[in-house]
1. Report yes if VAL183 is among the hydrophobic types (A, V, I, L, M, F, W, C), over 13 Å from TYR147 (Cα atoms) and modelled with pLDDT under 85, otherwise no.
2. Do we have GLU191 as in a helix (DSSP H, G or I) and either surrounded by 13 or more Cβ atoms within 10 Å (Cβ to Cβ) or over 41 Å from the mean Cα position of the chain (by Cα) (or both) here?
3. Out of the residues in segment 158-170 that are open to solvent by 50 Å² or more (accessible area, probe 1.4 Å) and at pLDDT 80 or above, which is nearest to ALA139 (Cα to Cα)?
4. Scan segment 136-147 and tell me whether some residue there is in a strand (DSSP E or B), loosely packed, with under 10 Cβ neighbours inside 10 Å and at pLDDT 75 or above.
5. Which residue out of GLY21, GLY13, GLY40 is outside any helix (DSSP H, G or I) and open to solvent by less than 40 Å² (accessible area, probe 1.4 Å)?
Amino acid sequence: MAGQGLSTDEVQGIREALAAGRKPKVVFTAAAGQISGQLGQVVELTDPDVSEEFVVVRFGRDELPFSPTDVAIAPKGAGRRPAEPKPEPPVAAAPAEPEFVLDAPPVPAPRREEPRVEQQAEPKPARRAVKAVKPKGPAGLTVTLAYAEGEWTVAAQQGAKALAKPYVVKPAEALRMVALVDVPGVQEAVEQILAAERAEAEQQAEKLRAELAEIEARLAELHEAR
């Protein structure tokens, strides 16, 4: 059976073998789909930070990228042809001894052979055409808009690699992003959050205006006391 994928040490061993000019053999695991159990050769290791499918394997005439979970180290002796048995030398036939005519039995009359009925060979079933292996596309891209503790943030990630760490955006920008998603439930939730923030900001503004009015009144009293 195919293995469970390449470990970190096995990937490092393949990288050293490629540097030495060798092309290690691998076997496709169940994660590779219909080519599971087939053999291939690693011809290159690309940058794993760019794509999780950085193991380039030669399979037939194609060289396709796979992830470390799609292949495993091939067992020793896999892919070798069994040794063909050597033909035995022909045995020389012993020379025929001369017959003694007086002792030879009478030759029987030739038997009449009945005509043989030849059986027609059954047609062999046609072999199914092997479908070409399609190269896997790039890893999926995920863009996340989140709200927490009074701030809106946006983050982007492709596969297991973070393209953009969460950074703060203005509420108006967050509202425009949500408007692109034609889902009424999402828009209503965002509008409720913005309304709550607006009400809280107005309360804080009223409180600050009241405190400012008290300070200005106190300042006027101090000016009159001169």
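1. In short, yes.
2. No.
3. Residue satisfying both the conditions and the ranking: GLN158.
4. No, because not a single residue in segment 136-147 is in a strand (DSSP E or B), loosely packed, with under 10 Cβ neighbours inside 10 Å and at pLDDT 75 or above.
5. Unique residue meeting the criteria: GLY40.
The values are calculated or read from the model by the stated rules, or taken from the named source; none is laboratory data. These numbers were taken from a predicted model, which means no experiment stands behind them. Every residue, glycine among them, receives a Cβ derived from its backbone with ideal geometry; neighbour counts consider all protein chains shown. Quick note on the areas: whole protein, heavy atoms, side chains included, nothing else; ligands and nucleic acids left out. Shrake-Rupley method; radii C 1.70, N 1.55, O 1.52, S 1.80 Å.
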